[in-house]
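Remarks on the structure that follows.
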Amino acid sequence: MALPARVLVSACLLGDAVRWDGGHKRLDAAVLRRWQAEGRVVGFCPECAAGLPVPRPPAEIEPGADAAAVLAGRARVVARDGQDVSAAFVAGAEAALRAAHEAGATVALLKDASPSCGSTCVHNGCFAGATVSGRGVAAQRLVAAGLAVFAENEVEAADGWLRALDRELAPPARC
Ligand code: SF4
């Protein structure tokens, strides 16, 4: 029997205490629990993989810039204390892509609004809680590499995508 299609999931959505504030954002969803039971889930935190500590100062993509510009070295991710953490965010994005490739995952479910994992929105760089449309650095890297990336409120759509992949991965029926 073919293995089920795998999915890269933000570690904080799995309940891992890896966020900047030392907390998590566990996603209480039956679909996610089923994925775990099916052995599909590859948990990953780009910022921790890059060596950033827990807790750490919050960071945002600088105002007016986007993740593609960060990856191209034309914009920065800046922590609230003023530190330029761009290199760590780019390293975390590359590590996320490696983890996906090693696991054979072509789908990701990522925590939205994060400067790494956001897939529909990110904070606007002013540390005031406001968001703008856009992606985090890791999400941008995964999308650019061809992965299908979903936010946590799109878990049902991600499940549909995985089921379609399962059908593609299944060996043809014998006649
Ligand atoms: S980098 Fe991603 S996985 Fe890590 S804490 Fe932030 S949102 Fe969660």
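The values are calculated or read from the model by the stated rules, or taken from the named source; none is laboratory data. Note that this is a predicted model, so its numbers are computed, not measured. Glycine also receives a Cβ, built like all others from the backbone with ideal geometry; neighbour counts cover every protein chain displayed. Calculation scope for accessible area: heavy atoms of the full protein, side chains included, ligands and nucleic acids excluded. Shrake-Rupley method; radii C 1.70, N 1.55, O 1.52, S 1.80 Å.
Here are the numbers:
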item	result
Qualifying residue in segment 84-95 (condition: in contact with a His (Cβ under 9 Å, 6 or more places away or on another chain), modelled with pLDDT of 95 or more and not charged (D, E, K, R))	no
Evaluation of L32 against (1) assigned to a helix (DSSP H, G or I); (2) within 12 Å of the ligand (Cβ to nearest atom) (one fails), failing number	(2)
Qualifying positions in segment 1-22 - modelled with pLDDT of 95 or more and either open to solvent by less than 20 Å² (accessible area, probe 1.4 Å) or away from the ligand (no atom under 14 Å from the Cβ) (or both)	A5, R6, V7, L8, V9, S10, A11, C12, L13, G15
Filtered residues of segment 48-75 (kept if open to solvent by 20 Å² or more (accessible area, probe 1.4 Å) and within 14 Å of the chain's Cα centre (by Cα))	C48, A49, A50
Check on K25, within 17 Å of the chain's Cα centre (by Cα), under 16 Å from L147 (Cα atoms) and of a type outside the set (S, T, Y)	no
Subset of segment 130-160 that is within 20 Å of E102 (Cβ to Cβ), assigned to a helix (DSSP H, G or I) and open to solvent by 50 Å² or more (accessible area, probe 1.4 Å) - its residue that is farthest from the ligand (Cβ to nearest atom)	A144
